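Presented below is the structure to which this report refers.
Every number here is computed from the coordinates shown, using simple stated rules; none is lab data. This structure is a prediction, so every number in the text was calculated from the model and none was measured. Cβ placement follows ideal geometry from the backbone for every residue including glycine, while neighbour counts extend to all protein chains displayed.
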Amino acid sequence: MKATPALLENELKKFGPIRSNNIQVNKVCVGFVEFEVASAVQKAIEGEPETLVIKDAVKILLQGLGEDINREGLLKTPLRVAKALREGTRGYKQNVKDIVQGALFPEAGLESGVGHAGGAGGLVIVRDLDFFSYCESCLLPFQVKCHVCYVPSGQQVLGLSKVSRVANVFAKRLQDPQRLADEVCSALQHGIMPTGVAVILQCLHIHFPSFESTCLDSNHLGWVKLLVTSGSGVFKNEKADIWGDFLSLLKLRDINVESTHSRNSADQCWCPSRSFSKTGPANVGMNAAVASILRSLGEDTSRKELVGTPTHFLKWLMNFKNSNLEMKLNGIVHGTIDPFKISGDASDNEEHVHSELNLSFCSQCEHHILPFHGVVHIGYFCAEGVNPIGKSHLQSIVHFYGFKLQVQERLTRQIAETVSLLSGGDVMVVVEANHTCMISRGIEKFGSNTATIAVLGRFSTDPAARALFLERIPNYSSSGG
């Protein structure tokens with residue numbers, strides 16, 4: 001018999017009301033009900049027309065990348081992508097009024113008429129709210145750190161958790177940072193009716209690298225950073241004294257917002273896709289697939305902000321097209337060269353561990369079609385008198401394997417195996433990465449970082465060599481990660 005919410009509720013009633021001697025039993029039953037209900041909801045979502053359309057579109061995109069959609073690692077990718085996109089844009093179906101209503105609480109202000117406090121003029125600030133939103137220009141997720149301040153009026157305040165929920169409603173839509181700030185500000189202003197609302201957003205968007213640009217400039221990777229503000233009521237004028245109070249309280253948390261991006265600026269472009277010059281031949285089928293995804297999310301593809309979105313997204317995606325071209329490492333053909341140049345007779349020279357650290361990379365998760373990026377550290381034994389492998393050669397190896405649909409574990413192994421062919425077989429590789437899928441899906445784990453290690457040859461049996469190499473690796477956060 002299929003477990004439906006109604007059936008499970010009826011089964012739960014058999015245990016009677018919760019009493020001291022059966023609380024644990026009821027907790028188990030409630031947990032079972034929640035699990036079954038969640039499973040039923042997920043299955044319903046998987047069968048909805050919008051999900052099916054997105055799945056079909058993702059299959060077209062994978063085929064356009066030259067991938068085999070029946071490959072084991074990609075079999076569930078269309079469904080994963082569909083679920084992530086629908087979850088990440090659920091804000092279209094949420095109503096802010098439903099969140100605010102019932103969450104306004106009476107709170108008296110100062111009765112003396114001197115000063116401001118409580119529900120009549122005291123500042124209320126909620127800092128460091130972490131969100132992600134999908135960029136409407138290129139469909140890639142961008143990170144948002146949100147700070148909200150409002151001045152209560154009418155002897156009432158809003159439950160603090162609702163500030164976060166209101167902001168999240170608008171974040172879970174295709175967005176532009178300035179519009180996101182304006183929508184959060186406007187919603188709180190109309191929902192609470194305060195004296196004024198101020199919103200500050202600190203946004204991070206991944207760069208748009210290409211294989212050619214990153215091989216020439218490893219610093220091309222990283223984040224585009226933008227800070228935007230929005231204000232209403234007493235915060236309408238950004239030069240008003242009350243803004244100074246808000247900013248001062250942010251500084252107490254080491255939040256630097258000295259330089260802001262004015263919403264009145266003529267420069268409305270922040271997405272790197274707008275300035276990414278590399279274009280290839282248009283793929284009508286892939287463009288249509290992206291457009292169908294936008295429509296399935298409830299968007300109007302004729303909206304001016306979305307007209308170029310399919311093209312912008314494909315600019316990013318086609319960087320990771322599966323290619324059968326022979327790998328070349330700065331003119332050195334893989335598997336056919338001896339990279340070492342020996343100075344004199346080095347046959348009896350002592351070997352030491354040579355390290356090449358912080359080689360940047362950018363890749364695309366094959367499970368969710370979302371970017372992950374970070375740095376690679378490579379260690380290998382090198383004899384005295386032998387020139388080490390050139391950094392540009394190692395960087396080329398990293399980029400070659402990075403610019404594919406990947407998983408971090410495979411990326412680490414492939415780099416290690418290739419370097420071992422050039423270094424005599426003894427190599428250790430550490431990959432540290434930030435995964436967009438860690439912030440843009442259910443867990444929304446901001447600030448998380450993953451590390452994977454591959455050891456070959458002597459490194460697999462020599463703990464001292466491994467320890468020596470690992471000690472050389474700098475702190476990832478301090479090295480631009």
### Task
Once you have the Cα-Cα distance between SER186 and GLU87, take 0.36 nm times their residue separation minus that, and quote the gain in nm to one decimal.
33.3 nm
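If I stretch the segment between ASP245 and GLU48 completely, what's the gain in nm (0.36 nm per residue apart, minus their alpha carbon distance), one decimal?
66.0 nm
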### Positive-end extreme of charge dipole, the range 126-189 - chosen from ALA187, SER161, VAL151 (charges on Cβ)
SER161
### Added length on full extension, which subtracts the Cα-Cα distance from 0.36 nm per residue, GLU72 to ARG295
77.4 nm
### Query
Pairs LYS172/LYS236; LYS225/LYS404; LYS97/LYS145; LYS59/LYS97; LYS76/LYS162: which exceed 28 Å Cα-Cα?
LYS59/LYS97; LYS76/LYS162
### Message
Suppose R0 equals 25 Å. What FRET efficiency, 1/(1 + (r/R0)^6) with r the Cβ-Cβ distance, do VAL257 and GLN94 give to the nearest 0.05?
### Response
0.35
### Query
Packing-wise, with mean Cβ within 10 Å as the measure, how do 169-181, 236-248 rank, highest first?
169-181, 236-248
#### Entry: Within the range 164-197, backbone nitrogen closer than 19 Å to the virtual label 7 Å beyond the Cα of GLU305 toward Cβ
166-190
### Message
Can you compute the FRET efficiency between GLN101 and SER460 using 1/(1 + (r/R0)^6), with r the Cβ-Cβ distance and R0 = 56 Å? Round to the nearest 0.05.
### Response
0.35
### Nearest-0.05 FRET efficiency for ASN358 and LEU468, computed from C-beta distance (R0 22 Å)
0.80
